[in-house]
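Shown next, in structure tokens, is the structure this report addresses.
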Amino acid sequence: MSGLSGSLLLLRGHLRRDRWMILWWSLASAAVFWSQGGAMANLYATQAEFDKAAASLEGNAAFIAMLGPARALDTVGGQAFWQSSAFCAVLAGLMSMFVIGRHTRAEEESGRDELVRSGAIGRYAPLVAALLAAVVANVVLGLATAAGLLALRGDSPLRGMPLPVADSVASGVGLAACGIVFSATALVAAQLTQSTRTMYGIAGIVLGAAYLLRAVGDLGNGVASWLSPIGWYQAMHPYSGLRWWPLAVMLVGAAVGLGLAVLLFGRRDVGSGILAARPGPPTAGRSLHSSLGLAWRLQRGSVIGWTLGLAVSGLAYGSMGDSVEDLVGDSGFAVDAVAGGQADNLLDGFYGTALVMLALLAAGFAISSAGRPRAEEEATHLESVLVAGVPRQTWLAGHLLVTVAGTFAVLLAGGLGLGAGYAAMTGDLDAFRRYGVPVVAYLAPVLALSGLTRLLYGVAPRRLWLAWVALGFCVVVLMFGDVLELPDWMQSLSPFHQMPLVPAEEFDITPFLLVAAVAALLSGAGQMAFRRRDIG
Amino acid sequence: MSGESVIEIEGLVKTFGPVRALDGLDLKVAPGEVHGFLGPNGAGKSTTIRVLLGLLRKDAGSVSLLQGDPWREAASLHRRLAYVPGDVSLWPNLTGGEAIDLLGRLRGGIDPARRADLIERFELDPTKRGRSYSKGNRQKVALVAAFAADVELLLLDEPTSGLDPLKEETFTELVEEFRAGGGTVLLSSHILAEVEKLCDRVSIIRAGRIVEAGTLTDLRHLTRTSVDVTLGGSPAGIDELPGVHDAVVEGQRVRCQVETDQLDALLGALHQRGVRTLVCQPPTLEELFLRHYGDETGDEAGDETGDQADGQRGAEVGETA
Ligand SMILES: Nc1ncnc2c1ncn2[C@@H]1O[C@H](COP(=O)(O)OP(=O)(O)OP(=O)(O)O)[C@@H](O)[C@H]1O
Ligand SMILES: [Mg+2]
């Protein structure tokens, strides 16, 4: 009772602060489902064409790994759900993570939380209010998604139209439940560490693991998918024999997470984490000798974390190679534009897509690393360094170097992990050279996104989040560009779209150099602009 | 005042969108002086210091720092000065000791003996990580880093906020040592006792402009002394003397305020009427500042300065009649 008093008051404040953010995430999710459903009618004039496409997609391991288990792909609903569900589950997971993070750990870290707690607020109220805010956000997102699907009308010769209402509702409700599970895991993460940055790291790893586990399961025997909240959501099978009971699995999962978070919270002091900060060295070591040394020290943890994360993701993709071959054996229709009909090419096609996915993940590191200077500036650490006689350019160049070198390491780790995964499954050591190393080709587009971040940092530091929108755009072009029939000029805005799909396609140095030049230009312009602007 | 000014600002304007934070500010700090920089919250003190540090770009006016341009020559000038902000934020995963070393090394090295001495004088534990320091201890980390630097100028923006009285004493000693070594200090502070103890000259800023500058003695002359006198003769006419204000006459007793530069004339007039008892109180520091902080009469800013300077009231101030 009294432990919860004030929860609703806090909740109202949270929702006020978050309303635009929730709206945008919800619209994004609704738009993805709605546009995928709508696109089918444009793409295929007759059911015969649709059937043919569905048959080829069913055997495409790259798509299954990226999207989910292929079910009822010859219906509009089945296609829409297949194309959209994993992506939107990640959207819901990210939204949940940010909503939870900003109302729990970020508040505690900044000390604002103490002001709130000094009021007539129960001990557990901030925790519960944050979770409720995330629940409301996910419900809104789920409802918007369901509404988007329900809005798909019109006469179409394709099977599955109009969409069954129950399945459309289930798509939204399940998505909300899946997001609520990720809210609960984020809430647990928020109890573990003092720093918001680390909390987002942990929650992000959970989300990434959920995505990968279901990919492994969907290509293999399906067990791993049951370890993933995204797998639970997709197990509801909307438009392909809808079942409601996985919803209960998700709600139980969320309840377990909440219980764990409450338990952990009860065992720690407000403001600290479960993992306590220990005293450190009284003097600085050799590495802390310059602003470059500082930049490395500050980003070290994140470079190591992302490198490991990409290595593990690579391993997961690599180990799927076996299943890809099985899938080819099973399916008579394993023919696809990329693969050109041969089993070898099919594997190349699969790993081509896997490498782009890894590169998009690495872009997450590149953007957050290029945005790190902003955090230093906002925390007023930058002024201490500048006033100690470091020129602005030198300071920013230190961070640039860490970003570029770190991006290379992270990307390569993904490729090598992939090679190792494949080699471990098949004993074929050539996999490193054949499937792993080509990932380096994506250094250019990934750095182009970090260059954009740097430009924003120099010109409009408050709009740094636009770099994440750009990454979102690249993902949309990759995943949905063709289905949505986005115009060529728009797709070619994505630097990833410029690159050949190595190893399925031949590496070409020209686009690599061009995109790298754009990256350098953006970064240089940002560096120049940073020289001219106010700090703070 | 010998030599060129260490800081010379003329007509400085800095706007943030619609907000005119600095509106034609003039400031001069001579070599070797400790210059107090005072003014109500939001007056523009920190903004001025950030322009001096080359962190903010001025919109108009001229600014010279150590005979250089703080915007264009930022890095080389920074090696000759140190800065302590009022709200120090440390790297969460670096210890205080690491932060001190890092900042020292960025300037080209730190004297280990000096560092050890300062850490001892401030009783700082250098093994704690940034986020586990208390407010005062964070402040101490920045102070150790600043005083360990071998520089000519200190820019201090409320440097002692959060320090306990003992450490504040240490700070005062260090500033005095620094001045004795020929250094110059610009000290922004709300603690009037600190200002009174340390500063040779002060500038008072309000709404982005300097409204008063000079030594404390100069400033006292601009304000009023309160006089409570019982006369032998008739008090008639006292309240009409130039510079006399708020006179209250009760029989033989007169209480009034007199502008300090008219004090001599008033005493002459009183003397003619025969003085029985006389209490003459110079303006306290608070009265001095409240006059400039508040709207006209100084009743607005009472809360923010009054309590800090309590106990300082009436202490060892100026000339008494
Ligand atoms: N980055 C900024 N953007 C917008 N306005 C600003 C910014 N920095 C300062 N200001 C405004 O400029 C004015 C002067 O602020 P400043 O911090 O210099 O005051 P101050 O004299 O240091 O006050 P205090 O005694 O509270 O420290 C204030 O009105 C403040 O709101
Ligand atoms: Mg200030």
Legend entry - Positions within region B:71-97 being in contact (Cβ under 8 Å) with a residue 60 or more places away in the chain and either touching a Pro at 6+ places or on another chain (Cβ under 9 Å) or away from ligand 1 (no atom under 16 Å from the Cβ) (or both), in sequence order: B:Arg79, B:Arg80, B:Leu81, B:Ala82, B:Val84, B:Pro85, B:Gly86
Legend entry - Residue satisfying condition, being farther than 29 Å from A:Arg243 by Cα and surrounded by 22 or more Cβ atoms within 10 Å (Cβ to Cβ), within set A:Arg117, A:Arg123, A:Arg105: A:Arg105
Inset, instruction - Assess whether B:Leu156 counts as being surrounded by 20 or more Cβ atoms within 10 Å (Cβ to Cβ), aliphatic (A, V, I, L, M), under 27 Å from A:Ala375 (Cβ atoms) and away from chain A (no Cβ under 11 Å). - result: yes
Legend entry - Single unsatisfied condition, A:Leu141 versus (1) in a helix (DSSP H, G or I); (2) surrounded by fewer than 22 Cβ atoms within 10 Å (Cβ to Cβ): (2)
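Residue by residue, here is whether (1) of a type in the set (Val, Ile, Thr); (2) within 10 Å of ligand 1 (Cβ to nearest atom); (3) farther than 25 Å from B:Leu192 by Cβ; (4) not in a strand (DSSP E or B) holds:
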residue: B:Ile9; (1), (2), (3), (4): yes, no, no, no
residue: B:Leu22; (1), (2), (3), (4): no, yes, no, no
residue: B:Leu25; (1), (2), (3), (4): no, no, no, no
residue: B:Lys28; (1), (2), (3), (4): no, no, no, no
Legend entry - Among the candidates B:Thr48, B:Thr15, residue that is surrounded by 16 or more Cβ atoms within 10 Å (Cβ to Cβ), within 16 Å of ligand 1 (Cβ to nearest atom) and more than 10 Å from chain A (Cβ to nearest Cβ): B:Thr48
Legend entry - Sole residue being closer than 19 Å to A:Leu521 by Cα and open to solvent by 20 Å² or more (accessible area, probe 1.4 Å), chosen from A:Ala441, A:Ala470: A:Ala470
Inset, instruction - Sort out which residues of region B:197-233 are polar (S, T, N, Q), open to solvent by less than 70 Å² (accessible area, probe 1.4 Å) and farther than 30 Å from B:Val19 by Cα, and write them in order of number. - result: B:Thr215, B:Thr223, B:Thr225, B:Ser226, B:Thr230
Inset, instruction - Could you check, for region B:85-100, whether at least one of its residues is assigned to a strand (DSSP E or B) and either facing chain A (nearest Cβ under 10 Å) or buried (at least 22 other Cβ atoms within 10 Å of the Cβ) (or both)? - result: yes
Legend entry - Within region B:84-136, considering residues that are within 15 Å of A:Arg286 (Cα to Cα) and of a type in the set (Gly, Ala, Ser), the one nearest to ligand 2 (Cβ to nearest atom): B:Ala99
Inset, instruction - Keeping to region B:51-84, report how many residues are in a loop (DSSP other than H, G, I, E, B), open to solvent by less than 50 Å² (accessible area, probe 1.4 Å) and more than 7 Å from every other protein chain (Cβ to nearest Cβ). - result: 4
Legend entry - Residues of region B:105-116 satisfying the condition of being open to solvent by 60 Å² or more (accessible area, probe 1.4 Å) and more than 10 Å from chain A (Cβ to nearest Cβ): B:Asp111, B:Ala113, B:Arg114
Legend entry - Number of the condition not met by A:Ser302 [criteria: (1) part of a helix (DSSP H, G or I); (2) open to solvent by less than 30 Å² (accessible area, probe 1.4 Å); (3) within 14 Å of chain B (Cβ to nearest Cβ); (4) modelled with pLDDT under 95]: (2)
Legend entry - Residue check for A:Val173: in contact (Cβ under 8 Å) with a residue 60 or more places away in the chain and open to solvent by less than 50 Å² (accessible area, probe 1.4 Å): no
Inset, instruction - Filter region B:120-132 down to the residues that are in contact (Cβ under 8 Å) with a residue 40 or more places away in the chain and either within 11 Å of chain A (Cβ to nearest Cβ) or farther than 16 Å from B:Gly162 by Cα (or both), then identify the one that is least open to solvent (accessible area, probe 1.4 Å). - result: B:Gly130
Inset, instruction - Using the structure shown, decide if A:Ile535 is within 14 Å of chain B (Cβ to nearest Cβ), out of contact with any Pro (no Cβ under 7 Å at 6 or more places or on another chain) and aliphatic (A, V, I, L, M). - result: yes
Legend entry - Odd one out for B:Thr172, checked against (1) farther than 11 Å from B:Val84 by Cα; (2) in contact with a Lys or Arg (Cβ under 8 Å, 6 or more places away or on another chain); (3) touching a residue at least 40 places away in the same chain (Cβ under 8 Å): (3)
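The values are calculated or read from the model by the stated rules, or taken from the named source; none is laboratory data. Predicted, not measured: the structure shown is a model, and the values here were computed from it. All Cβ positions, even for glycine, are placed from backbone atoms using ideal geometry, and neighbour counts span all protein chains on display. Side chains are part of the model used for accessible areas, which takes the heavy atoms of the whole protein and leaves out ligands, DNA and RNA. Shrake-Rupley method; radii C 1.70, N 1.55, O 1.52, S 1.80 Å.
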